[in-house]
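The values are calculated or read from the model by the stated rules, or taken from the named source; none is laboratory data. Just so we're clear, the structure is a prediction, and the values are computed from it rather than from any experiment. Cβ placement follows ideal geometry from the backbone for every residue including glycine, while neighbour counts extend to all protein chains displayed. Side chains included, ligands, DNA and RNA excluded: accessible areas come from the protein's heavy atoms. Shrake-Rupley method; radii C 1.70, N 1.55, O 1.52, S 1.80 Å.
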Amino acid sequence: MKKPLLMTPGPTQVHEDVRQAMAKNITNPDLDQDFFEYYKETCNKLKKIFKTENEVLILSGEGILGLEAACASLIEPGDRVLCIENGIFGRGFKDFAEIYGAEVVCFEGDPRKAIDVKELKEFLDKDNDFKLATLVYCETPSGITNPVDEICPLLKEYNILSIVDSVSAIGGEPIEVDKWQMDIVLCGSQKCISAAPGLTFLSISEEAWNIMKNRKAPIASFYCNLALWENWYEEKWFPYTQSISDIYGLDCAVDRILKGDNYIERHRKNGEAVRKAITKAGLELYPLSGFSNTVTTMIVPEETTFEEINNHMLKEHNIMIAGAFDYLKDKVIRIGHMGENCYEEKLYITLKALDETFKTLGVEMKGSLQKHFVDEID
Ligand SMILES: *Cc1c(COP(=O)(O)O)cnc(C)c1O
């Protein structure tokens, strides 16, 4: 059977050109001098998306590798770490920090709202003795973006480093790593970048490098040790053999982003139109603020269940949407409008299928999602 249209918030649809790039003949990435240049060139392209002069590295592993590598490389046993969280990924950072011996303090935000910068500042005025803070740009399960543009500069005022999970934001939401003074910013290949799952890439500030180099305790990992990469280019040496085919795919996907339209505006416009369509139809969004432009999370209508909606969408329309996990399991439906998914025609098809699905399942709606979407987008 034909694979369903992938409208999940990652992995996203991978363009034909990217798949072709992954099929290219390989070389020996440890020995072929040209590959070091190719890798560096791909990192330079990523710098343009990140808006940074900081070093960018591509690591062979899914986004979680980036989260863990940042924690492993910066945290020493006994370090105080502030975990700024209002969702599942934010909270998950605490576990990674603790694995590497941190003493973690959480700043808990409302799970349905963006982190409140004023409240965070009040918190920091009382307690700011932290080496670093972890935070999430876009909480993918709840569809909420946090104001990292304000939070990261605020942390700097207190001399606190930031590790920012931007896996589901970069390539869809604005990002200004240097201007916003972000220390480690990480992203994955399978969300808004729309390459195949398998790679993580991250930017590392000068200050973060210094901290890694001047640690007292050695980094308790090899695969997660970012400090090993310090002179990779000068020495033409990678800590392990690079996933060359994945990097070919990533490079092509990044080219598509850089040479294409104004992708941030496209995400803003489509994201807003999807949200308007849902609220106009009388359905309820999960977030109360900080609405993400890369993923929309809505509450499962009381007349039905996530399972019924999902089965119907798959069987009758061959479209894959997502639910969520942890405390949001069975409570929400998510539509990923990130990267290659974020085009009017794909959202039009998805919302039209949702209209039919909701009608069949007896969900009461005001008008049609697809029609409201079209009215908004025009
Ligand atoms: C997708 C994602 C990751 C990577 O996690 P997986 O569940 O393994 O795909 C990390 N952080 C965020 C915010 C994500 O959306």
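Residues of region 165-191 being in contact with a Cys (Cβ under 7 Å, 6 or more places away or on another chain), within 10 Å of the ligand (Cβ to nearest atom) and of a type in the set (A, V, I, L, M, F, W, C), which ones?
Looking only at region 165-191, we keep the residues that are in contact with a Cys (Cβ under 7 Å, 6 or more places away or on another chain), and these are 166-173, 180-182.
Subsequent filtering for residues that are within 10 Å of the ligand (Cβ to nearest atom) retains 166-169.
Answer for region 165-191, where residues must be in contact with a Cys (Cβ under 7 Å, 6 or more places away or on another chain), within 10 Å of the ligand (Cβ to nearest atom) and of a type in the set (A, V, I, L, M, F, W, C): V167, A169.
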task = Please verify whether region 223-230 includes one or more residues that are within 16 Å of the ligand (Cβ to nearest atom), part of a strand (DSSP E or B) and either in the same structural domain as F35 (by TED's automatic domain parsing) or open to solvent by less than 10 Å² (accessible area, probe 1.4 Å) (or both).
result = no
Residues located in region 257-315, provided they are part of a loop (DSSP other than H, G, I, E, B), surrounded by fewer than 13 Cβ atoms within 10 Å (Cβ to Cβ) and in contact with a Gly (Cβ under 9 Å, 6 or more places away or on another chain) = G282, E303
message = Can you list residue pairs whose Cβ atoms sit under 8 Å apart, with the first residue in region 221-233 being closer than 15 Å to L65 by Cα and the second being open to solvent by 50 Å² or more (accessible area, probe 1.4 Å) and of a type in the set (A, V, I, L, M)? Count only pairs 6 or more apart in sequence or on different chains.
response = F222/L228
key: Matching residues in region 141-190 - criterion: being hydroxyl-bearing (S, T, Y), assigned to a loop (DSSP other than H, G, I, E, B) and open to solvent by less than 10 Å² (accessible area, probe 1.4 Å)   = S142, S166, S168, S189
When residues of region 6-45 are limited to those that are open to solvent by less than 80 Å² (accessible area, probe 1.4 Å), assigned to a helix (DSSP H, G or I) and among the polar types (S, T, N, Q), the one farthest from the ligand (Cβ to nearest atom) = N44
message = If I filter region 240-256 for residues that are assigned by TED's automatic domain parsing to the domain that holds Y348, open to solvent by 70 Å² or more (accessible area, probe 1.4 Å) and part of a loop (DSSP other than H, G, I, E, B), do I get at least one hit?
response = no
task = Looking only at region 117-129, decide whether some residue is assigned to a loop (DSSP other than H, G, I, E, B) and either within 16 Å of V164 (Cα to Cα) or in contact (Cβ under 8 Å) with a residue 60 or more places away in the chain (or both).
result = no
remark   = Scanning region 51-70 for residues that are more than 16 Å from the ligand (Cβ to nearest atom) and in contact with a strand residue (DSSP E or B) (Cβ under 8 Å, 6 or more places away or on another chain) gives T52, N54, E55, V56, L57
request  = Answer yes or no: is there a residue in region 206-220 that is more than 16 Å from the ligand (Cβ to nearest atom), open to solvent by 10 Å² or more (accessible area, probe 1.4 Å) and among the β-branched types (V, I, T).
outcome  = yes
ask   = For R112, all conditions in the list (1) away from the ligand (no atom under 14 Å from the Cβ); (2) more than 27 Å from L328 (Cα to Cα); (3) in a loop (DSSP other than H, G, I, E, B) hold save one; what is the number of the exception?
value = (2)
query = What number of residues within region 53-96 are more than 16 Å from the chain's Cα centre (by Cα) and open to solvent by 10 Å² or more (accessible area, probe 1.4 Å)?
reply = 12
request  = Could you list all residues from region 318-358 that are part of a helix (DSSP H, G or I), in contact with a strand residue (DSSP E or B) (Cβ under 8 Å, 6 or more places away or on another chain) and open to solvent by 20 Å² or more (accessible area, probe 1.4 Å)?
outcome  = K346, I349
task = State whether the residues of region 59-73 include one that is outside any helix (DSSP H, G or I) and free of Cβ contacts under 8 Å to residues at least 60 places away in the same chain.
result = no
inquiry  = Regarding region 128-139, can at least one residue be identified that is among the acidic types (D, E), open to solvent by 10 Å² or more (accessible area, probe 1.4 Å) and under 26 Å from S289 (Cα atoms)?
reply    = no
